[in-house]
Structure formats: C-alpha cells, structure tokens
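Shown next, in structure tokens, is the structure this report addresses.
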C-alpha cells in the first residue's frame, strides 16, 4: 500500500509539472508583452520612427527614443545614445551632474537629477564607486573578514570535532531584541541629521529671499537713497553669502604667507586671518575661555596669516573703502551686515523716505544677521558625543556577534551575507554623519551664492526695468511721440530749442 501510494503521488506530481511550466511560461510572456507595449506607448506619434518602432522589439524602440532625446537635449556626448552608453558603461550620473530645466539665459535654475526605481541597474553596477562604501570600507572589511574566518573555522570543526562546533552557535532571541533597540538608535540619529540638513537649507533660503527683498526696496527708493549708496549696499549684499560660506566652511583657496609653493603678488593680494567659528567641542577653546574667567589671561595661540587674491570672489565685490576693513574683521559677514545697516541709517529724512522706510530696509539686514547665527549653530553644535559613540558601539557589537547566530545555517555564505548587512547598517550611520553638518558639501553653497549674486548684481540692468512704469513714459511723451527724458538728453546746450 505504501509503495502504491508513493508511485501514485509521484505520477500525479509528474503530471502537474508540465502544467506548472506552462503557467510559468504564460506569466513571463504576459510580463514581457506588457513591458513591450508600455515602451511602445511612450513613442512619439509625430516622429519618423513611431510606426516602425511599434513593429520592433522593446530594445530597439528604447534605443530610438533615446536617440531622439539625445538630439533634442544635445548634451555634447558622443553619437551613441546617452541611455545606452550609461547602461553599458556605468557612467556616473545623479548628484554629480547639473542640468538646466530652462536655458540659463532665461533664468534656468540648476537642479540635480533625482534617482528613481528605474535607475536600479545603474545604482547596482556603480556600487564600487560609492562614496559611502569608500568611507565605511574599513569596518565593512573587518567584519567580513571576521565572518569569513568563523565560517571556515566552523567547517573545520564540523568535520573534526562536531561537539566543539555546537558551542559556536548563539541563540537568535538576544540578537532579535538587540536589533529593535539598534534600529531605534539608527533611525533617531538619521532623522535628527536630516532635520539639521533641512534647517540649513531653510536658512539659506531665507538669505536668498532677504537679499532679493532688500534689492527690491533699494530700487524702489533709489531716488531717495542715491545711486552711489545703493550700489555700495548692493555689492555688500552680493558679497555677504560668500563671506558666510567661508566662515561656516573654511576657504580652501587661502594660502599661508610662508607657503613657498605659491607666489604672492602684493599689489593684487590682501592679508587676512582665517574666519572660522570654533565648534562647541573644541577643547582648546574651552580651556582658553576657562582661563580667561579664572585668572583673566588669554593664552591663545598665534593664528596663521593667509593671503587671497582680491580680484576673485567675494573680494572684488566689496567697495574699495570696505575691503581692508572687512578683511581685518573677526566675523566678516557680521561686519558686512553692520556696514549695510549704517549705510541705510545715513539716508536723510525727506519726502517719500521716513523712518518707516528706513526700518523696513534695515529689517532685511537684521534677517541676514540672524541667518549668521543659525548657520553657526548648525556648524558649531555637533550631535552629542555620548549618543554617537553609544550607537556606534552597539552596532559594532551586534555585527561582530552576528556570525555566531547565522553560521549554522549559512556556513560559507556567512562572509558575503555579513558584508551586505554591515554595508547597509554602517551606511545608514555614515549618511547621518555626512548630513549632520550640511554646509560641508551636502548643500551646494556655491550655487546658492552665485544665485544671490546674479539676482542682486548680475541681473541688475534687466531687473531694473521692472521699476519704470510705462504709464509714466506715456505721460511724458512729446508732440512727436518721443519721451521727454530722451528729448532732454538729446539737447546739447541749454540755448537750443526742443524739436
């Protein structure tokens, strides 16, 4: 009976296999057909290839679409389609490439590519080029080597001494409980770091908005303020974001005076000290502050003297009388705010300009000054050291003890599996550390500074046309339709008669 039922079940299973194979083939055919139809649906109907692409395979249709997109975008790459070159070559794209949604002449805004689920293959093949993997390679290699060593040792002990191999196994319950707590630690750290990133971008958004509003008000009251004073405040406002960026991210283009690798031209350079705010975990700064409170002495180290080319940004934006004074200041963006406030305060009261207009202008300078404090707070205040170390220690202990839990089931695959697990967890920790201070490369401050300079100074002549109404020109028209201002400008001497 037992043998008869086993043969019956075996024959029934053999009859089911062709049916399952047919179902599997039918399912794959439906998936491929849907993919092909979706790719044909995105073909442009007015292109010369649209009719032919519907008769071709999915691969050929996608190549035609990409070639058309390449001819429309014209990014300057080779004759091969951009998508195909990226697909087979793993060309890096994403945050390293800036694209323009509109032409730069039309005010196009720089924007990085966003990664979507369709970029899965590119993300997978470019894993060796990952910056996060490069930063965490030391702990990942250490844990992978440790797991591989334990898996080899376990295999030897299973053959030689199975009883000793049994003592290598850890129960799974403790690691499951630890994983819950470890996940909370990583999530809290990443969320707090992302909040700091968002706050940093919000601060610079306020800098952009305040600079634009200040320029608008100065143009509205240009007659009362005066052209020369307005231009001085305007150039100071354009130089402010660059000076703030140098303070929260020390300028790397500065050269020391005693650096023999770079030759200094005294007529085109200016001497200055490094303008960088100390962090709250600076032991030397804390010791000096305590000494000043206790004994009243300051034993600060002599700061190195640097030089910069005053023909570069932001130094060439500063007015001639403000360049030397600003370079000697300890907090240069704050000095710029003080100078702008003083320039606006010196505007005399007159018809159309009172304290109300003066305070409205100075209020935007106050907003820029508050942005200095907000940026310094993010730059100087680090995540508490105890929290960061506790998270890192818990993650290290959990990963180094994980091979004892999984080696029984994974055997020689323990090393590769631990490589993936350690890469994911250490990667999350490193991402939190990278975006903790967004001003050190996560935010592209240079693009934001150039945006402010273009809106305040670079686009002055085009933007200033918005402050002259056509109704005023129509009201001052002469008998021949010419503007009265142009007529007066065309007169060479007061004795000549108007046309």
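The values are calculated or read from the model by the stated rules, or taken from the named source; none is laboratory data. Note that the coordinates shown come from a computational prediction; the quantities given were computed from them, not determined experimentally. Counting neighbours? That spans all protein chains shown, and the Cβs are built from the backbone with ideal geometry, glycine included.
When you check residue 231 against the structure, is it in contact (Cβ under 8 Å) with a residue 60 or more places away in the chain, surrounded by 16 or more Cβ atoms within 10 Å (Cβ to Cβ) and assigned to a helix (DSSP H, G or I), yes or no? Taking the combined requirement at face value, the residue does not satisfy it. Of all residues in region 330-346, exactly one satisfies the criterion of being in a loop (DSSP other than H, G, I, E, B), modelled with pLDDT of 90 or more and under 17 Å from residue 250 (Cβ atoms), namely 331.
Applying a threshold of 8 Å to beta carbon distances and a minimum spacing of six or more residues, or different chains, the list of pairs starting in region 349-362 at a residue that is in contact (Cβ under 8 Å) with a residue 12 or more places away in the chain and ending at one that is surrounded by 10 or more Cβ atoms within 10 Å (Cβ to Cβ) and assigned to a loop (DSSP other than H, G, I, E, B) reads 352/221; 353/221; 353/347; 357/221; 358/347; 361/221.
When 244, 271, 236 are screened for being in a strand (DSSP E or B) and in contact (Cβ under 8 Å) with a residue 40 or more places away in the chain, only 271 passes. For region 210-228, a residue qualifies if it is in contact with a helix residue (DSSP H, G or I) (Cβ under 8 Å, 6 or more places away or on another chain) and part of a loop (DSSP other than H, G, I, E, B), and exactly one does: 221. If the condition is being under 20 Å from residue 196 (Cα atoms), in contact (Cβ under 8 Å) with a residue 40 or more places away in the chain and surrounded by fewer than 19 Cβ atoms within 10 Å (Cβ to Cβ), then region 389-427 contributes only 427. If you go through region 371-388 and keep only what is in contact (Cβ under 8 Å) with a residue 24 or more places away in the chain and under 19 Å from residue 209 (Cβ atoms), you end up with 371, 372, 374, 375, 378. The residue list 193, 164, 147, 173 contains one member that is assigned by TED's automatic domain parsing to the domain that holds residue 395 and within 30 Å of residue 387 (Cβ to Cβ), which is 147.
When region 185-207 is filtered for residues that are under 15 Å from residue 371 (Cα atoms) and touching a helix residue (DSSP H, G or I) at 6+ places or on another chain (Cβ under 6 Å), the ones remaining, listed by number, are 196, 197, 200, 203, 204, 206, 207. For region 326-352, filtering for residues that are exposed (fewer than 12 other Cβ atoms within 10 Å of the Cβ) and either within 18 Å of residue 247 (Cβ to Cβ) or outside the structural domain of residue 270 (by TED's automatic domain parsing) (or both) leaves 1. Among residues of region 159-177 that are without any contact (Cβ under 8 Å) to a residue 24 or more places away in the chain, those with a Cβ under 7 angstrom from a residue that is in a helix (DSSP H, G or I) and surrounded by 11 or more Cβ atoms within 10 Å (Cβ to Cβ), sequence gap 6+ or separate chain, pair up as 164/157; 165/154; 165/157; 165/158. Scan region 312-327 for residues that are touching a strand residue (DSSP E or B) at 6+ places or on another chain (Cβ under 8 Å) and more than 16 Å from residue 233 (Cβ to Cβ) and the total you get is 3. Selection within region 445-474: residues that are surrounded by fewer than 10 Cβ atoms within 10 Å (Cβ to Cβ) and over 16 Å from residue 219 (Cβ atoms). The member of this set that is modelled with the lowest pLDDT is 471.
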